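Engineer: Please see the structure below; I have some questions.
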Amino acid sequence: MQLWCTENETEYLGLTTRVKETLFAGKSEFQDVAVVDTYQFGRMLVLDGVFQTSIAEEFVYHEMIAHIPLFIHPNPKKVLVIGGGDGGAVREVVRHDTVEKVEMVEIDGLVVEVSKKYLPQISKAMLENNPKLDLKIGDGIGHMAAAENEYDVIIVDCSDPIGPGEGLFTHAFYQNVYKALKPDGLFVQQTESPFYHQPLIQRLSKDIKDIFPIHEMYLAHIPIYPGGMHCFTIGSKKYASKDVDLSNRQKLETKYYNEELQKAAFALPNFVKELIK
Ligand code: SAM
């Protein structure tokens, strides 16, 4: 028998991959959680039917959501990751020598448990109890509302803006992010596909511009996300991508991220510039 797994990208489009084996399928208080072993991408985490990350291509997303903002900030010491239950983002964050502490606030303990069991390469920092990492199971929205002047960099590694992730894409949330950052802090959020999620991106860009003096967007190519073209949005109080000088910064071994991309990833096609102007 052949088993296939489809993520519905829109009402009219899906991404389908052939499944070798379903390793886990369960339900938490927040969402359906599954890990499937696929022929194309290896093991893949799926939440509420949406592809989150896979062994074959996770490096693109995790390197790009972590290294780009951590190198824009000249000396990031305290970092917060909201979401990111698979552990891939914190695995990359702890590699930065400047980073002394990374707090991670993930709403769903089941995602963390399942990732540690079935995706050990991705959840490495969580599995090894990395001493820089302080992992809390809780709602990132409430955590952000309570924080003030604490973080150099905040990484919002969230799922789609439905279910528990919905409140992470609002004006009120971005105001709390601003308040939680130090006076020269910056944040990044995964902001979906510039092709398929245009109303969302327009709205959040407007909200972020309203609050932060610097708003920027960069792209990466992620095979399991709608259209393969994925965007990340930055709100920054002081530092901009064009001012980054990597000459005296740590050199990291990476599979996707590199020094050219630190600036080149911010080059946007005209339709994307138009979308966020
Ligand atoms: N790379 C992924 C993507 O874009 O599809 C995101 C990965 S990570 C698995 C997303 C995580 O955000 C999920 O584990 C989900 O439980 C978590 N999440 C959603 N809403 C949250 C909230 N309000 N507070 C904290 N974590 C949240």
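The values are calculated or read from the model by the stated rules, or taken from the named source; none is laboratory data. These numbers were taken from a predicted model, which means no experiment stands behind them. Glycine also receives a Cβ, built like all others from the backbone with ideal geometry; neighbour counts cover every protein chain displayed. To get the accessible areas, we keep the full protein, side chains included, count just its heavy atoms, and leave off ligands, DNA and RNA. Shrake-Rupley method; radii C 1.70, N 1.55, O 1.52, S 1.80 Å.
Engineer: By how many degrees, 0 to 90 and rounded to 10, does the Cα axis of helix 171-180 deviate from the longest principal axis of the chain?
Structural biologist: 60
Engineer: Would you mind calculating the relative contact order of the chain from Cα pairs under 8 angstrom and at least 6 residues apart, reporting the percent as a whole number?
Structural biologist: Relative CO of the chain lands at 16 percent.
Engineer: Cα centroid distance between segment 1-31 and segment 175-235, in Å?
Structural biologist: Cα centroid of segment 1-31 versus Cα centroid of segment 175-235: 26 Å apart.
Engineer: Something else now. Can you send over the carbon and sulfur percentage of the accessible area for the chain, probe radius 1.4 Å, protein chains only?
Structural biologist: Carbon with sulfur: 51 percent of the solvent-accessible area.
Engineer: Taking loop as defined by DSSP and a crowding limit of 14 other beta carbons within 10 Å, which chymotrypsin sites (Phe, Trp or Tyr not before Pro) in segment 36-144 fit?
Structural biologist: Tyr39
Engineer: Return one whole number: the accessible area per residue of the chain in Å², for a 1.4 Å probe.
Structural biologist: Roughly 44 Å² per residue, with all protein chains present.
Engineer: Can you put Glu274, Glu9 in order of accessible area, largest first, using a 1.4 Å probe?
Structural biologist: Final ranking, largest accessible area leading: Glu274, Glu9.
Engineer: Also, quick follow-up: Once you keep just the Cα pairs under 8 angstrom separated by 6 or more residues, what percentage relative contact order results for segment 193-255?
Structural biologist: Over segment 193-255, the number comes to 33 percent.
Engineer: Further, regarding this structure: Could you work out the relative contact order of segment 9-72, using alpha carbon pairs under 8 angstrom and six or more residues apart, expressed as a whole percent?
Structural biologist: Relative contact order comes out at 19 percent.
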